[in-house]
Amino acid sequence: MKIFESLGHLAFKVKDLDASVAFYDKIGFPEFLRLLNDKGEPWIVYIRITDELFLELFPKGVGDKVPEADRVGLTHLCLTTNDIDETERRLQSVGIPLSRPRKAGRGVDGNRGMWIEDPDGHRIEIMEMAPNCIQYQAIAKLKAGKGPDVLKLH
């Protein structure tokens, strides 16, 4: 029995709210709502990904960057695109560099991907899903009543 419909939002604590809002606006996700506390200061800024999915940015984060990827916790956010080459060109045109070199070809899952980071170091994977990728194949099997798929990649 399905209880939940979808992921609603992710919440990030950020050090420099203005820099984070500007970053997400540059990649196509604008601010659409700002809540202020009783002192008139920003408490939460909402960044629209879709009408049903958004980021909550909480200001006044402490520390330098998010923990390394092997630490317990959220490791990354993944955004999908229909054309990864055009997405890379657009990111470059607004001054957002890749955080690691882009690999040639497709990954083990059949998809093409690259990575960027927001001003606080939140890792963002950008993925172009292949029509026959392992994720879509597993969903088709699940819909056919064959249960979860298990693959050994190495």
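Where a number appears in this text, it was derived from the coordinates with a stated rule and is not lab data. Everything quoted here is computed from the prediction, not taken from an experiment. Cβ: placed from backbone, ideal geometry, glycine included. Neighbour counts: every protein chain shown.
Numbers at a glance
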item: Helix-derived mean residue ellipticity, 222 nm - over the chain, DSSP H n ≥ 4, -39500 (n - 2.57), to 500; result: -5500 deg cm²/dmol
item: Neighbour net charge for residue 15 - beta-carbon separation under 14 angstrom, K R +1, D E -1; result: -3
item: Sequence of 76, 122 once ranked by neighbouring C-beta atoms within 10 Å, starting from the fewest; result: 76, 122
item: Burial ranking of peptide ranges 40-50, 92-102, 109-119 (average Cβ count within 10 Å, highest at the top); result: 109-119, 40-50, 92-102
item: Lysine pairs with alpha-carbon atoms under 16 Å apart, the chain, spacing 8 or more or separate chains; result: 6
item: Inter-site label distance for residue 108 and residue 22 at 7 Å from Cα along Cβ, in nm; result: 3.9 nm
item: Length-normalised contact order for the chain - Cα pairs under 8 Å, 6+ apart - percent; result: 19 percent
item: P(r) histogram, all alpha-carbon pairs of region 75-145 included - 10 Å bins from 0, percent; result: 19, 47, 25, 9, 1
item: Kirkwood Rh (inverse of mean 1/r, distinct Cα pairs), the chain, angstrom; result: 17.7 Å
item: Beta bridge orientation in the chain: antiparallel %, DSSP, nearest 5; result: 60 percent
